[in-house]
1. Check off (1) of a type in the set (Gly, Ala, Ser); (2) at pLDDT below 95; (3) surrounded by 13 or more Cβ atoms within 10 Å (Cβ to Cβ) for Ser7 and give me the number that stays unchecked.
2. Could you go through region 79-90 and let me know if any residue there is of a type in the set (Val, Ile, Thr), at pLDDT 95 or above and more than 14 Å from Thr109 (Cβ to Cβ).
3. Identify all residues within region 75-107 that are assigned to a strand (DSSP E or B), over 12 Å from the mean Cα position of the chain (by Cα) and not basic (Lys, Arg); write none if there are none.
4. Based on what the data block shows, is Val111 surrounded by 15 or more Cβ atoms within 10 Å (Cβ to Cβ), touching an Asp or Glu at 6+ places or on another chain (Cβ under 8 Å) and of a type in the set (A, V, I, L, M, F, W, C)?
5. Wholly within region 13-74, which strands (runs of 3 or more DSSP E) include no fewer than the required count, namely at least 1 residues that are within 17 Å of Pro87 (Cα to Cα) and either touching a strand residue (DSSP E or B) at 6+ places or on another chain (Cβ under 7 Å) or open to solvent by 40 Å² or more (accessible area, probe 1.4 Å) (or both)?
Amino acid sequence: QVQLVESGGGLVQAGDSLRLSCAASRSIFSFDFIGWYRQAPGNQRELVATITRDGTTNYADSVKGRRTISRDNAKNTVYLQMNSLKPEDTAVYYCKGRIILLDYWGQGTQVTVSS
């Protein structure tokens, strides 16, 4: 059973920082990639950042320079450091991992940014 569990969300003010965590139930090297996605009310789920098995990172243009994805191999955890948060960053943030052709999603963690 593959599980991904997000944590670290919360209510913050504009300009604050948060670090989200995505803990995997198995080695993160078993995933082709692990990524962070977000879904705001009324919007489609969108990519924020991904990190591949070999450590290559990719970011959505809208968050470049304000987000850093990283991992702790020993803890089987992928992080998303979010700086300079804005009210428009308010969303549920999800972690997704892909193994071959199968995608595994976490349950999501709410991030709310007040102005």
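The values are calculated or read from the model by the stated rules, or taken from the named source; none is laboratory data. Bear in mind the structure is a predicted one, so any value in this text is a computation, not a measurement. Note: ideal-geometry Cβ built from the backbone for every residue, glycine included; neighbour counts use all protein chains shown. For the accessible areas, the whole protein counts, side chains as well, though only heavy atoms, and no ligand, DNA or RNA atoms are used. Shrake-Rupley method; radii C 1.70, N 1.55, O 1.52, S 1.80 Å.
1. Result: Ser7 passes all but (2).
2. no
3. Ile99, Leu102, Asp103, Tyr104 - these are the residues of region 75-107 that are assigned to a strand (DSSP E or B), over 12 Å from the mean Cα position of the chain (by Cα) and not basic (Lys, Arg).
4. Yes; evaluated as a whole, the condition is true for this residue.
5. 18-24, 33-39, 46-52, 67-72
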